[in-house]
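The values are calculated or read from the model by the stated rules, or taken from the named source; none is laboratory data. Predicted model only: the values in this text are computed from it and were never measured. Here the Cβ is made from the backbone with ideal geometry for all residues, glycine too, and neighbour counts use every protein chain on show.
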Amino acid sequence: MPESSFFARSVPFEQIDKLAISGGYSSIYATREPAVPVVGNWEQRFCRLADTFQPVLDRVHDFEVREDDVWIVTLPKCGTTWMQELTWLVLNRCDFETAKSVDLTIRSPFLEFNGVVPNVPHDTIEAANALSSPRLIKSHLPAWLLPRQIWTKKPKIIYVYRNPKDAAISYFHHWRGMVGYQGTKDDFMHSFIDGYVNFTPCWPHVLDFWQLRHEPHIYFTSYERMKTQLGQVIEDVARFLERPVSVEQVQQMKKHLSFESMRDNPACNHAKEFESMKAAAGREVEEFSVAPHRFVRRGVVGSHKDEMTADVIREFDLWSDVNLRDYKLHMDDFATYSKYNEQAITKTLL
Ligand code: A3P
């Protein structure tokens, strides 16, 4: 057996208990220096994942990458689905017919989904392997857990940041609706801050891509920019992928990508994933289709303001400060950054 690229250390039971989930959880470490530079010391870097991910991590790491792939990488709940749909349309000459009739999870597979739900018959790594080029692949893994060939073949990668307070609120609803979390909101928020939920800790995940943002194969943007300048983001993605779009197509895409249209579009509101997670959890259908546990839920910037207590907001701000001050960065820097606005580029140390 070849040596694994990773090793796992179990998370203490109290943390798992707080997350109110069944099954183990671990911190995943690299066994050797990753092919991509990471912020901080790579030997101390870890990613927290449910133990169900362990059988897929080496498969993902050894995954055959193609130069003309396009990858969407995000932390969960940062607008991944929204960006997948946008990018798929840019890559496929605004083929709205196919976009409406073929499920997004088939057009753009979630590579490590079998780690989230291990017992589904549909193997997402196989599905991604079988897809014809140019493929659009989604992953939530941090840079150093992605397929190693990404850093030699350098396919284009789109990274979407979202203010962690809004992402955490969205993640909380996701865990209630999809994973069956029944703990308190405050406990979930602390698990997020302490980096105990899948794919966290958050800031190193963001910073690894932030430091790569000038690379020609990386496009770093934010949920906040998509909300305020969707047309501009569409044009940026078209420029980044060298797939021009007309003014009329941008208008059509803005309509197709609106919150209401995405919410009501069964091809991209994750109906299928809800089904498999429901089956895995052995729970009733209705629970997953009723707001606020819907996938396309509120779609606003600042949802934490009326969903988080002032104390938790303060904790999030302090935690962000502690994690960002060495880099002289503030949360807003990630939200407003624009790759093609040169003035925004030089602000930071990283
Ligand atoms: P909220 O739960 O805050 O509403 P992901 O796809 O990464 O899981 O992100 C899901 C988040 O993106 C949800 O946030 C969802 O509502 C939001 N979202 C999805 N499509 C959207 C759209 N067209 N406009 C605005 N927000 C959207």
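For region 1-112, the strands (runs of 3 or more DSSP E) that sit wholly inside it and include 3 or more residues that are within 16 Å of the ligand (Cβ to nearest atom), modelled with pLDDT of 95 or more and closer than 24 Å to residue 169 by Cα are 70-74.
Residue by residue, here is whether (1) more than 16 Å from the chain's Cα centre (by Cα); (2) crowded, with 22+ Cβ neighbours inside 10 Å; (3) hydrophobic (A, V, I, L, M, F, W, C); (4) away from the ligand (no atom under 13 Å from the Cβ) holds:
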{"position": "170", "(1), (2), (3), (4)": "no, yes, no, no"}
{"position": "176", "(1), (2), (3), (4)": "yes, no, no, no"}
{"position": "181", "(1), (2), (3), (4)": "yes, no, no, yes"}
{"position": "184", "(1), (2), (3), (4)": "yes, no, no, yes"}
{"position": "190", "(1), (2), (3), (4)": "yes, no, no, yes"}
{"position": "194", "(1), (2), (3), (4)": "yes, no, no, yes"}
{"position": "200", "(1), (2), (3), (4)": "no, yes, no, yes"}
{"position": "204", "(1), (2), (3), (4)": "no, no, no, yes"}
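If only residues of region 262-299 that are at pLDDT 65 or above and loosely packed, with under 14 Cβ neighbours inside 10 Å are counted, the one that is nearest to residue 229 (Cα to Cα) is 264. If you go through region 251-262 one residue at a time, do you hit one that is farther than 21 Å from residue 155 by Cβ and in contact with a strand residue (DSSP E or B) (Cβ under 9 Å, 6 or more places away or on another chain)? No, region 251-262 contains no residue that is farther than 21 Å from residue 155 by Cβ and in contact with a strand residue (DSSP E or B) (Cβ under 9 Å, 6 or more places away or on another chain). Residues in region 231-261 that are closer than 15 Å to residue 88 by Cα, touching a residue at least 40 places away in the same chain (Cβ under 8 Å), within 16 Å of the ligand (Cβ to nearest atom) and surrounded by fewer than 20 Cβ atoms within 10 Å (Cβ to Cβ): 252, 256.
Residues that are free of Cβ contacts under 8 Å to residues at least 40 places away in the same chain, surrounded by 11 or more Cβ atoms within 10 Å (Cβ to Cβ) and farther than 15 Å from residue 191 by Cα: does region 35-43 have at least one?
If we filter region 35-43 for residues that are free of Cβ contacts under 8 Å to residues at least 40 places away in the same chain, which is where we start, we get 41, 43.
Within this subset, residues satisfying the condition of being surrounded by 11 or more Cβ atoms within 10 Å (Cβ to Cβ) are 43.
If we keep only those that are farther than 15 Å from residue 191 by Cα as well, we get 43.
Yes, region 35-43 contains at least one residue that is free of Cβ contacts under 8 Å to residues at least 40 places away in the same chain, surrounded by 11 or more Cβ atoms within 10 Å (Cβ to Cβ) and farther than 15 Å from residue 191 by Cα.
A count restricted to region 217-230 and to residues that are surrounded by 22 or more Cβ atoms within 10 Å (Cβ to Cβ) and over 17 Å from the mean Cα position of the chain (by Cα) stands at 0.
Would you pick out the residues in region 145-168 that are charged (D, E, K, R), under 17 Å from the mean Cα position of the chain (by Cα) and more than 13 Å from the ligand (Cβ to nearest atom)?
Let us first name the residues in region 145-168 that are charged (D, E, K, R), namely 148, 153-154, 156, 162, 165-166.
The next check asks that each one be under 17 Å from the mean Cα position of the chain (by Cα); those that pass are 156, 162, 165-166.
Correct list: 156 only.
Could you check, for region 90-112, whether at least one of its residues is crowded, with 21+ Cβ neighbours inside 10 Å and more than 30 Å from residue 250 (Cβ to Cβ)? Among the residues of region 90-112, at least one is crowded, with 21+ Cβ neighbours inside 10 Å and more than 30 Å from residue 250 (Cβ to Cβ), which makes the answer yes.
Could you list, in sequence order, the residues of region 176-234 that are β-branched (Val, Ile, Thr) and at pLDDT 95 or above? Correct list: 193, 200, 206, 218, 221, 228, 233, 234. The set of residues in region 298-317 that are in a loop (DSSP other than H, G, I, E, B) and either over 18 Å from the mean Cα position of the chain (by Cα) or away from the ligand (no atom under 16 Å from the Cβ) (or both) comprises 302, 307, 308, 309.
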